[in-house]
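Data block below; observations after.
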């Protein structure tokens with residue numbers, strides 16, 4: 001999400017190849033040259049696709065003589081988004097061409113955010129087709145993956161003036177709503193704060209399932225919701 | 001939902017054939033012989049399919065000499081569920097066979113609940129394939145259609161001991177969460193209460209978009225959620 005004071009990213013770590021094959025993988029990649037640029041990539045969808053895309057992006061950084069552009073050399077966040085989007089589309093096209101057909105099996109969606117010194121913070125949502133949209137004032141946050149359960153509280157409570165600490169509270173509650181309802185999303189959750197114009201990570205970390213703060217919010221939110229519901233009038237069929 | 005004191009049903013009325021073709025249709029059918037049996041059917045999915053299924057069920061009631069069984073003559077709610085499920089499967093199979101192939105285009109899911117004098121209230125969820133599951137103590141409510149947005153509040157706040165008036169408050173808030181996030185669900189909403197062992201509708205009605213109660217809850221819930229969130233501690237990266 002894009003706040004007045006910076007960006008906040010959160011991703012879960014649950015991946016699955018069916019209910020009987022659940023693993024933990026970090027879905028957050030960060031490329032950083034502190035003070036010059038910071039780029040964060042979150043992924044949802046086919047893990048092989050997103051890992052291949054991230055690996056390709058990393059390879060290009062290590063071999064500067066290659067013609068392929070690097071996200072660390074691009075002049076703007078828009079160019080970074082183009083590079084990442086092209087890489088994603090190439091990876092998906094490669095597997096699709098190999099004749100391994102399954103409905104959207106190799107698809108993935110990416111969230112890309114960051115800042116390059118001298119420009120503003122920008123946030124993009126990149127589709128499997130390689131096109132992308134950018135967050136703006138009217139839509140200052142994006143979700144990817146299993147978005148529906150956690151969306152209502154984001155829609156209701158998002159406020160660009162929030163502090164990082166308040167944004168984290170909202171994100172944890174939003175993730176917890178999904179975790180309670182859907183096995184494809186699960187802790188631990190990775191998070192990162194990036195302050196405006198710092199062009200570096202302010203804080204990053206991981207919230208484990210037994211994290212006291214996560215437990216407090218997960219348990220407290222149920223009670224808070226019931227309390228909130230009780231404050232509203234009950235239905236009266238005579239009204 | 002199955003409450004200790006009876007059943008509560010709610011359905012929206014939004015149907016769409018694409019974003020540019022939105023209409024209002026009642027998705028709640030009630031068959032009733034007061035004191036002897038009451039049967040309620042909610043539908044989600046392809047409107048042509050669910051209307052055809054309901055029409056077929058009605059036709060069979062009007063022509064008692066036909067061999068096909070009627071939901072008003074079946075000896076148990078389980079038999080009613082079988083009749084409805086078979087009808088749904090037949091309708092879907094008919095259109096699928098006609099060669100009009102589209103991914104799940106003719107599919108529909110049904111919620112069937114009711115009571116026949118001398119037996120308990122029962123609630124079934126009927127799949128397009130014609131099989132079905134029954135609500136039990138562990139899962140005393142079902143949702144069909146666009147279920148994800150409204151699910152977290154149901155999971156958190158459902159209590160079988162609720163009054164009808166409290167259940168309505170919960171249902172309106174759950175529907176409103178979906179309505180705020182998704183154009184495929186919209187008011188007005190139809191509702192019905194059926195008291196245990198009465199075998200008749202206690203109350204039914206429709207909540208329009210400009211209904212004062214709906215407006216109060218829709219507006220009040222946003223504030224109540226923000227208030228609930230504020231009661232939880234903010235994140236502290238030092239914890």
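None of the figures in this text is laboratory data; all of them are computed from the coordinates on show. Since the model is a prediction, treat every value here as computed from it, not as a measurement. Methodologically, a virtual Cβ is constructed for each residue, glycine included, from the backbone with ideal geometry; neighbour enumeration extends over all protein chains shown.
Brief remarks on what is shown
- Ratio Rg/Rh [Cα only; Rh per Kirkwood] for region B:115-239: 1.03
- Förster-model FRET efficiency, 51 Å R0, residue B:4 and residue A:25, C-beta, rounded to 0.05: 0.70
- Here the Kirkwood formula puts the hydrodynamic radius of the protein assembly as shown at 24.9 Å, using every distinct Cα pair.
- Order of A:149, B:127 - criterion: other Cβ atoms within 10 Å of each residue's Cβ, fewest first: B:127, A:149
- In this assembly of identical copies, the label point of residue B:118 (Cα plus 7 Å along Cα-to-Cβ) is separated from its counterparts by 8.7 nm, sorted shortest first.
- Label-point distances for residue B:48 to the equivalent site in the other copies, using a point 7 angstrom along Cα→C-beta, read 3.8 nm when ranked shortest first.
- Span from the region A:175-230 Cα centroid across to the region B:82-159 one, whole angstrom: 33
- The C-alpha atoms of chain B define a longest principal axis, and helix B:212-230 lies at about 50 degrees to it.
- Rounded to 10°, Cα long-axis angle of helix A:77-97 versus longest principal axis of chain A: 80
- The mean sequence distance of close C-alpha pairs (under 8 Å, at least 6 residues apart), as a share of the length of chain B, puts its relative contact order at 26 percent.
- Helical runs (DSSP H, four residues minimum) scored at -39500 (n - 2.57) apiece and divided by the length of chain B put the mean residue ellipticity at 222 nm at -11500 deg cm²/dmol.
- Note on B:26-34: average number of Cβ atoms from other chains within 10 Å of each residue's Cβ is 0.
- Ranked by the mean number of other Cβ atoms within 10 Å per residue, highest first, peptides A:159-171, A:136-148 order as A:159-171, A:136-148.
- Position residue B:234: other-copy label points at 3.7 nm, ordered by increasing distance, label point 7 Å along Cα→C-beta.
- Note on region A:2-226: semi-axes of the ellipsoid equivalent to its C-alpha gyration tensor, largest first and rounded to whole Å, are 28, 23, 15.
- Within 10 Å of each Cβ in B:220-227, the average number of Cβ atoms from other chains: 6
- Cα-based Rg / Dmax (Å) for region B:1-134: 15.1, 48
- Principal-axis tilt of helix A:164-181 within chain A, Cα atoms, nearest 10 degrees: 80
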